[in-house]
Amino acid sequence: MGLIERLFTIVFGGGRNVVKDTAEVFRENAEAGAERAADHKAEVVAQYGAEFAAPARGGFDRFMDGLNRVPRPAMALGTLGLFVAAMVEPVWFAERMQGIALVPEPLWWLLGAIVSFYFGARHQVKGQDFQRSIAATMARAPVVVENLRALGALRAGSPGAADAGRDAALSLAVIKPEANPALEDWRHSRG
């Protein structure tokens, strides 16, 4: 037994496991790796917690932070509101856009500088193209108003919308009843 015991002592003895130590050269110890990963994650969370901890701030700071969050949603919702206004009241919308067409160009540049400070530098380049597109849209406003009048005349509630005029074939087609198989079956079952 002494030889085998010495062999095991060489391989596993001295409080060390030579096979385990040799294997860990080629493959990571899963348990030790999990401990290191857990320690790393705990340190990352602690660092983020320290980085993003909100210092005690006064009412003015909180008010200014809230005020800084208003422009982007206000512009997005305002733009959507303009689309709704253009569909609901096109003439009212066209009148407002005519007023915008009278804004002098230096004021547009000032607005562009303010908005680009808030949202990025691309607005100044695109601002003039946007103004030209507004002018082109305003030029189409009278055609849109006339089209709306023509569409309003076609509504079922408008007088004369269903008038067939002098077309006799159309008048006869309108008053001729259509075949209704369900109604015919009902009539046969009753009589």
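The values are calculated or read from the model by the stated rules, or taken from the named source; none is laboratory data. These figures come from a predicted structure and were not determined experimentally. Cβ coordinates were reconstructed from backbone atoms using ideal geometry, including for glycine residues, and neighbour counts include every protein chain displayed.
Observations on the structure shown:
- Near pairs, Cβ below 6 angstrom, 6+ apart or cross-chain, from the stretch 66-90 (farther than 30 Å from Leu151 by Cβ) to any residue that is modelled with pLDDT of 90 or more and exposed (fewer than 10 other Cβ atoms within 10 Å of the Cβ): none
- Which listed residue, of Glu43, Glu24, Glu89, is of a type outside the set (S, T, N, Q) and either at pLDDT below 85 or in contact with a Pro (Cβ under 6 Å, 6 or more places away or on another chain) (or both): Glu24
- Among the conditions (1) outside any helix (DSSP H, G or I); (2) of a type in the set (Lys, Arg); (3) modelled with pLDDT of 80 or more, the only one that Arg149 does not satisfy is (1).
- 3 or more residues surrounded by 10 or more Cβ atoms within 10 Å (Cβ to Cβ) and of a type in the set (Gly, Ala, Ser): qualifying helices (runs of 4 or more DSSP H) within the stretch 27-110: 30-51, 71-88
- Any hit, the stretch 115-127, residues being modelled with pLDDT of 75 or more, out of contact with any strand residue (DSSP E or B) (no Cβ under 6 Å at 6 or more places or on another chain), at negative phi and aliphatic (A, V, I, L, M): yes
- Pairs meeting the criteria (first residue in the stretch 124-139 and under 18 Å from Pro106 (Cβ atoms), second residue in a helix (DSSP H, G or I) and modelled with pLDDT under 80, beta carbons under 9 Å, at least 6 apart or on different chains) are Gln124/Val115; Gln124/Ser116; Gly127/Val115; Gly127/Ser116; Phe130/His123.
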